[in-house]
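One structure is given below, encoded as structure tokens.
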Amino acid sequence: MDKERVKELAENPQFIKGIYNYCDRWCERCPLTSRCLNFALGSEEFADPESRDITNKLFWQKLSETFQVTLDLLKEAAEREGIDLDSLDIEELAEEEAFNEEAAKNHECCRAAKVYGEMVDDWFDSARDLFEQKEDEVNLNVLLEIPDVSPLGQGGFEEAVQVVRWYQHQIYVKLMRAIRGDLEEKPKILDEFPSDSDGSAKVALIAIDRSIAAWGEIRNYYPLPDRDILNLLVHLDRLRRKVEKVFPGAREFIRPGFDKIHLNG
Ligand code: SF4
């Protein structure tokens, strides 16, 4: 895809500007794929199955083309905004970024999110038997045609596992972005502008909410009182409350498309 095609798509009013900045990247489940430029670009660029195969030459060729188009568009945007890319003090910027990265990693929210990711892995490692048993049960239910009465619908247990797995590391990633963004924004942003860090924190909060619901669902299926799931729930709930405290504006942040219909971006 050349940069003219990217620009043509970007100008299409069907797409909601910036919708992909505050989503959970779960495109298979996204109700707004038709309004997302990122999705359209990906579908067009990687339509050929070979271009999605990391072991295929076409995949790397497409990636290299995307890199070139991105650089070209960056140069154009920099020119338009009067930014001299050559004049940037790389060393000073790198130092500031490294400092913010370290500060974000050490922030209690990020540390707790990281621990959560590890707790999830530990739980799944220890629950191998349950999964084997569940697989047998599902097969038996199919044989006996027993309907699934879970509030998550058919296959509620599997659904809940998918939700937990999808958000397991995303909570950390989004919180890192939120904290880093907060450190960068603080000196520059005026209070009346919605902040990107609030948007990222909101995505993390939604991921936490959904993970709590999913763990509740898994717990219903677990045959014995499970202390580990309770610990996970307590950990997530504490993290949720902490994030709300650190980012008091996050819940109110309007995510383009998801919280408000944008007719033309
Ligand atoms: S907005 Fe939806 S379609 Fe676009 S990247 Fe996010 S999840 Fe995928």
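Readers should treat all values here as calculations from the given coordinates under stated rules, not as data from a laboratory. Just so we're clear, the structure is a prediction, and the values are computed from it rather than from any experiment. All Cβ positions, even for glycine, are placed from backbone atoms using ideal geometry, and neighbour counts span all protein chains on display.
Structure data summary
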read-out	value
Sites D122 and E97, calculated FRET efficiency, Cβ-Cβ separation with R0 41 Å, nearest 0.05	0.80
Lysine pair number, Cα distance threshold 17 Å (strictly under), the stretch 1-141, separation 8 or more or different chains	5
Low-density loop cleavage sites - chymotrypsin sites (Phe, Trp or Tyr not before Pro) in the stretch 1-97, where at most 14 other Cβ are within 10 Å (DSSP)	W26
Cα lying deepest toward the dipole's positive end in the stretch 1-95, options Q68, C23, T33, charges on Cβ	T33
